[in-house]
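What follows draws every value from the coordinates through simple rules; no lab data is involved. Since we're looking at a predicted model, the values are computed, not measured. Note that each Cβ is placed from the backbone with ideal geometry, even for glycine, and that neighbours are counted across all protein chains shown.
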């Protein structure tokens, strides 16, 4: 486009750019549109327009002929699906194009061919190496989906001026056809009046075919005048983080309306909109929603565990009490026997004393007359013997009384200890049940039926392949001297071709492992880089891995190593490649099946541990699942404190618990 004044003057006009004809397609008062001619060489020149016989020259800057755009990759869809362009009939799905000189074209467009008809959409270059397009809209009635997972494959290409190499791109080797999937479908809320109550940090929306062609950036979730930040997207579920405070609703004119509950609107692409319902931040009037099944199972199992623990404590207390009663009864019987024995001995002693006194009286009686008396030594002896026996009985009674008092005191002490133990057990059981009730409330408010904050594919694989490196070079464009760039790219391409040769790759790995200066860290790094290279060809990668594992097993048997140590310490390239292989293939399973139950289990265990004091140094906890990590403290008092702070314009409140023993 050439801008100016009186551009429609004259009956005939001709335009030239860099000395090459520019074919005029439209003339207006202030604008001339023309298509440049092809040029066999790269050069620069000025813009000239000839009106009838008058020539006008633009001198401010020159026009530059550059190399034609080159497209290397076209991709879209979920994270990790490289090199496959995808879309839906309603269009608007982001398609990323990578190549060279992509910003050299003024108005690039993408098209899809359906029944010999081309359907276009505009593209916006981000730089010379990257361009973003929206997938074109096509008629739904011309597509026939079989109801399975197979997409409809269509021809596609790009219109970038007259560059022919980018037209009908799917016919070029290395570029798959455009995959068309059915439009995603989002289901309304199932709660009464389609009003869902805000209970946690995440909002879950169910649907069907959600991630077949879309990724998180293609979906916008509006809550009134605000947005819900999309964190994860699976085949049947979308999870987003709503605002912490209820945003105003929107009226028909788009103005804020604080008197209404805000609506939840899901927008996909440019044309698809779904009214899911309303999100209320108020407390619901009644329990309309049930707990998730994993939460119910977890809480029930925890309650059963506590009940069994209480039963065991009561059984132990009952056994201890029975044993104490038996000991007390034995002591009582011993005391009774002792008392009977003392009484019997005292009775026999008094009887013998009475007999001796009678015999002595009869033997010493003087028959001469009543005036005779006992001798004085006899009276003294008998009195002394009676006094001795009386003192012995008194001592025996005192010993018995002391023994009985001591037994009573021991019994009373044991009874008090039993009462204290009973009260302590009852108090701990009461506290445990109260804390269990608190945990059920916390789990209800913290966990939802879904909405797990999954990592995207790239972050997930990077944490496994390069866990200690946050900004690995594989995520960046290689910085190379422009003089050496061409040679280096050629060398890397040739090395990539060699890596795809099975014989070379196996010899390459064996050679590295045989080097005694090659450390374990180097093995792990090489294995990760090889898996990054082979993740686009998993069949070939699996074949290589089978061969390496067979050699590793044979080497383990020949070396008489213990089989349990195999695949445990990651001491070879094959073992690290195996873990990365599992990482790639388990991503979909974790995201769609196993991830949610594992996360719910983790949150439930964390809730249980965090309900009591946790040692910041040793990580010992009162409610630890392991006896080795059980905190060995007496009663602990908790002090709750609240901190208020703000980040930018958002105010946050956080509660913490300080434990003092």
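Here are a few things to note about the model shown:
- Zero-based 5 Å bins, Cα pair distances in the stretch 185-280, whole percents: 3, 14, 26, 27, 18, 10, 3, 0
- Viscosity 1.002 mPa s, 20 °C: Kirkwood-radius Stokes-Einstein D of the stretch 70-180 over Cα pairs, µm²/s: 153
- Exposure proxy for 41, 526: other Cβ atoms within 10 Å of each Cβ, ordered fewest to most, give 41, 526.
- Neighbour counting of Cβ atoms within 10 Å sorts the residues 158, 305, fewest neighbours leading, into 305, 158.
- In this simple spin-label model, placing a label point 7 Å from the Cα along the Cα-to-Cβ direction at both residue 500 and residue 308 gives a separation of 5.7 nm.
- Förster radius 51 Å - calculated FRET efficiency between residue 558 and residue 201, Cβ distance, rounded to 0.05: 0.40
- Estimated FRET transfer efficiency (residue 471, residue 413; beta-carbon r; R0 51 Å; 0.05): 0.15
- Sorted ascending by nearby beta carbons within 10 Å, beginning with the fewest, 586, 552, 233, 475 become 475, 586, 552, 233.
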